1. Given H placed 1.01 Å from N in the peptide plane, which residues other than close sequence neighbours of ARG2 have an amide H under 5 Å from its amide H?
2. Report, largest value first, the span of the C-alpha coordinates of region 10-122 along each principal axis, in whole Å.
3. Just want to confirm a number: the relative contact order over the chain, from Cα pairs under 8 angstrom separated by 6+ residues, in percent.
4. Would you kindly state how much longer the chain becomes between ASP177 and SER62 on full extension, computed as 0.36 nm times their sequence separation minus their alpha carbon distance, in nm to one decimal?
5. With runs of 4+ DSSP H residues as the only contributors, calculate the mean residue ellipticity of the chain at 222 nm using -39,500 (n - 2.57) per run, divided by the residue total and rounded to the nearest 500.
6. Ordered by residue, what ³J(HN,Hα) values in Hz, to whole numbers, does region 90-96 give under the Karplus form 6.51 cos²θ - 1.76 cosθ + 1.60, where θ = phi - 60° and Gly and Pro are x?
7. Ordered by residue, what ³J(HN,Hα) values in Hz, to whole numbers, does region 370-379 give under the Karplus form 6.51 cos²θ - 1.76 cosθ + 1.60, where θ = phi - 60° and Gly and Pro are x?
8. Projected area of region 258-412, taken from the Cα convex hull and averaged over every viewing direction, in nm²?
Amino acid sequence: MRLRDLADLPDLKLQPMVTPEHFDPSIRWVVTTDMLDPSRYLSGGELVLTGLMWRTGPEDSSTFVHAVSKAGISALAASDGGVVPDDLIEACREHGLPLFRVPADVAFATVTESVVRQLSSARASDLSLVLDRHRRLVASAGPGGGLGALLEMVSSDLGMNCWVISSSGRVLAGSEDLPDTEAIGREFLTSPHLPRYCRAQRVSIFPVDGEASPRVVDWFLAFESDWQTWDSPRLSLAGQLASIVAVERSRVDDRVSGSGILAQEFFRSIAGGATANDILAQMQVIGLDTDAHYAAVVAATSGETLRLGELRPLLREVLAPLEITLGVVGTEAIALVPARTDKTDSVRNAVRSLAPGLIGSGTSIGVSAPTAPADIRSAIEEARYARRLAEGRGADCNVVGHDELATLTILLANVPDDVRRMFTSRLLTPLAEYDAQHHSDLIATLSMYLDTNGAWTRCAEQLHMHVNSVRYRIQRVEELTGRDLSRLEDRIEFYVALRLR
């Protein structure tokens, strides 16, 4: 709203007392005050209304006008029963501050209501045009098209900086630098209700997908303003902006793109036993550098807060900003990331920043060592074993790297699936069938017996059983399988079979 628009409002009948030449400032808000120095409550661009309660003599006018002019207000509207003293008029002329007289029969509340209505209508209209233009842009643009330009328009046209931020605090687009984005990300993940005003950072945050996605895999909008002071049109338009950003966000999901489909088939063929030559040929088809080294990262979830499909954006966020190749096989999401060095620490750090959003998710993540393309199948198996070890630790989200795997486990990563199934079936199927028929726990007892190095008393304590019951169960294992657990060779084979399950 411009100064000339204020003078043209017929219901207010404001009389210009000081009108600067060649100067038509914008009015962004209206404030009423009777303090002699209200400058600490002003941020610039306001229309200040005053009933002159601060004036005890002519010298106070100079003090008051100096203070509000220094704060950068756009105009002053004053009245003491419809009268404006000459010393106030003179002080405004001296500082070049526009001054209006408010008639005695017009309440300050009427002026405030009228100005706020004009500001809201003008801003809503401006932003609606911006958003309409961007909708057309989104309809024809490629991935990521126009998002940064939209936020720049919002910033320049409305004087309100805003940003699009990921759940870990990465700024994806924005009008200028925003400090402490990690703290804002934590507010987004932990706030009981959204939108929320973050007082320390002076921004309001709105989810992009809202209830449609868990926050840990969602984006959010940050506005440099307190949303609690907004009117209904501005709140509505913030929702429209979130919808447009949601369209952009959906384009990051490559499940239905050509490259995404090829990546999915790539991982399925590896799980199906593809040879090293087959893997190299498929890597060339999907555009992966066959001279680079790669680490495999595997994730799964056993909780209720994340679905299998949501592990894909989770891995993208955990591994950002690296370009990754993603697929889902069975109940696991698998990512390949270019890596010359171990990625375990960076994955752990990323997961730590997302931890508030992973509560109750039962997420487990395994990370392999970097490897050459010819050994990618082994890297994926290594990451899968690491993930299973993470899952066994039973927290909201665990990350296990290849360095935590035993040497034997690493060797087992190279065992073909058909050999694995044959070996485990020969040793463990008789026990599994017996457990199913008799509701016993021979396999669990055998596992604990091996983990405690055959110590009867310690094994019984861990299982909360009598020692004689443990001895009886181990005897049944030997009878059903024809093995002798006093022999080291038989113990090793059972240990391997349990790890290969």
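1. ILE27
2. Extents along the principal axes, in whole Å: 39, 28, 28.
3. The normalised contact order for the chain reaches 8 percent.
4. Going from the current span to full extension adds 37.6 nm.
5. Estimated from H runs of four or more residues: -15000 deg cm²/dmol.
6. For region 90-96, the Karplus curve yields 5, 5, 5, 4, 4, 9, x Hz.
7. Running phi through 6.51 cos²θ - 1.76 cosθ + 1.60 with θ = phi - 60° gives x, 8, 6, x, 5, 10, 4, 4, 5, 5 Hz.
8. Its average projected convex-hull area is 8.4 nm².
Coordinate-derived values only; no laboratory data. Given the structure is predicted, the values throughout are model-derived calculations rather than measurements. Neighbour counts run over all protein chains shown; Cβ positions are idealised from the backbone, glycine included.
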